[in-house]
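Note sheet for the following structure.
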Amino acid sequence: MGLIELLHMSVFSQSFSPCGKFLAAGNNYGEIALFSLSAALGPDANELSQKPILTFTAHEGPVFSLLSTDSHLLSAGNGEISAWSWAELIKKNVKAAWTRRPNYKSSLEIPEINAMALNPADNSLAVGGGDNNVHIMDLENGVFKSVLQGHTDYIHCLSVRERASEVLSGGEDGAVRIWDTRTSQCVHCVEVYKYETCARPQHGKWISCLTTDSDWMLCGGGPSLSLWHLRSMSPTSVFPLSGCQRQATFYQDMILTVGEGQCVSHCLMGGEVKAQIPCTPHSINTLAINTSSTEHRVVTVGGSSDHIDVFTNLSYKAFSLRF
């Protein structure tokens, strides 16, 4: 890859291997890079340890979403999802185990897939993107079994509430929809931009990040990042962050969030911003936490750069992996 391509690279997605020793990252060129965390975090680590052990082209369009199951890495490209065996990738064998396309209305339609979410309760995969619908795939047999319709513009983000058998979706239309996966019906629709405390008309109404933890939901984008109680369906905290947030996650007793701006923000549940830790990319798309391995427990962030910053503790960046 040339210098110009590296200069214009954006990392959109990340996923750790089930063993926690490897990190996969997807970029705007349709490539997936595989990094060895064992090598990068080892006592003999050098510049070479921070480079991929494998890079391959997975899709024609950008890789907006990556997820790991117990055995496979799932990647989403334009209109398709592919599965790659982790065991084979670690051996540097690049061959998709399978590729599936959701049931789009037209064979000419190739909408981008922006988000995927696993539902371990019924071994299904929720997929959302440019056709405004959420498609539910049975991972056991590889069949798309239902379509959740209701959004009026494309879907940016998904989250699964396992205990409640619910999938949440956030879209360009400014709505967070809560779906009952048993009936495929929308049970709640929250238009975040209509709440005065959250609204930021200058940024628009789109929802770009969404995550849940038990009875709590975090969402933001055009509107400010806000914490909602899902039983009362009301915002309990609004975070005073200037840019649009692209990914937020609950971590221990805090919230970690990234988006426009060159930092990872640490927020308290009450709405305070506790710290903002500098990063390499000027704008950040993805934040991942490695919970699969205590030995390789790191936080990684990627965005408008060929660098992926690695945090071995949350106070500062330890080093960067590079495409």
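The values are calculated or read from the model by the stated rules, or taken from the named source; none is laboratory data. Everything numeric in this text was worked out from a predicted model, so none of it was measured. Because the Cβ atoms are built from the backbone with ideal geometry, glycine has one as well, and the counts that use them run over all protein chains shown. In case anyone asks, the SASA skips ligands and DNA or RNA and just uses the protein heavy atoms, side chains included. Shrake-Rupley method; radii C 1.70, N 1.55, O 1.52, S 1.80 Å.
Excluding ligands, DNA and RNA, what is the solvent-accessible area per residue of segment 6-52 at a probe of 1.4 Å, expressed in Å²? Can you show the working numbers first?
Details: 1860 Å² over 47 residues.
Per-residue value: 40 Å².
Give me the aspartates and glutamates in straight-line cross-link reach of K317: C-alpha distance below 20 Å, same-chain residues under 8 apart excluded.
Counting by Cα, and skipping residues close in sequence, K317 has these aspartates and glutamates nearby: D44, E47, E260, E295, D306, D309.
Report, to the nearest whole %, how much of the accessible area of the chain belongs to carbon and sulfur atoms, 1.4 Å probe, protein only. Mind dumping the intermediate values first?
Details: 6670 of 13950 Å².
With neighbouring chains kept in place, the figure for the chain is 48 percent.
Count charges around N123 for me, please; just the other residues with Cβ under 13 Å from its Cβ, Lys/Arg as +1, Asp/Glu as -1.
Numbers: positive: K145; negative: D70, D122, D138, E140, E162.
Local net charge: -4.
What does the highest-first list of 168-174, 121-127, 313-319 look like by mean Cβ count within 10 Å? Could the numbers behind the result be given before it?
On the way: 168-174: 24.7, 121-127: 19.1, 313-319: 13.0.
Descending packing order for the listed peptides: 168-174, 121-127, 313-319.
In the full protein assembly as shown, how much of H156 is accessible to a 1.4 Å probe, in Å² to the nearest 10?
40 Å²
Could you list the trypsin sites (Lys or Arg not before Pro) in segment 143-199 that lie in coil according to DSSP, counting only those with at most 12 other Cβ atoms within 10 Å of their Cβ?
Of the trypsin sites (Lys or Arg not before Pro), the ones in loops of segment 143-199 whose Cβ has at most 12 other Cβ atoms within 10 Å are R163, R182.
Kindly state, as a whole number, the per residue volume in cubic angstrom of the convex hull around the alpha carbon atoms of segment 192-316. Don't skip to the end; give the middle numbers.
Details: hull volume 12.5 nm³, N = 125.
Taking only Cα atoms, segment 192-316 has a hull volume of 100 Å³ per residue.
If amide hydrogens are placed 1.01 Å from N in the peptide plane, which non-local residues have theirs closer than 5 Å to the one on H188?
I178
Pull up all non-local amide H partners of L66: gap of 5 or more, or a different chain, and H-to-H distance under 5 Å with H placed in the peptide plane.
Correct list: Q14.
List every residue whose amide H lies under 5 Å from the amide H of T286, counting only residues 5 or more places away in sequence or on a different chain, with H placed 1.01 Å from N in the peptide plane.
Amide H neighbours of T286, under 5 Å, 5+ apart: G302.
Using Cα springs under 10 Å in a Gaussian network model of the chain, which residue among Y193, Y154, Y251 shows the largest mean-square fluctuation?
Y251
Give me the one-decimal nm value for the distance between modelled label points at T294 and S85, 7 Å along each residue's Cα-to-Cβ direction.
With each label placed 7 Å out from Cα toward Cβ, I get 3.1 nm.
For all pairs of alpha-carbon atoms in the chain, what percent lies in each bin of width 10 Å, listed from the first bin to the last filled one?
Percent of pairs per bin, in order: 6, 27, 36, 24, 6, 0.
Quick check: Cα centre of segment 69-91 to Cα centre of segment 231-290, how many Å?
28 Å
If you find the alpha carbon centre of segment 1-23 and of segment 181-209, how far apart are they in angstrom?
For segment 1-23 versus segment 181-209, the Cα centre distance is 30 Å.
Per residue of the chain, what 222 nm ellipticity follows from adding -39500 (n - 2.57) for every DSSP H run with n ≥ 4, rounded to the nearest 500?
Numbers: 3 runs with 15 residues, N = 323.
It comes out at -1000 deg cm²/dmol, rounded to the nearest 500.
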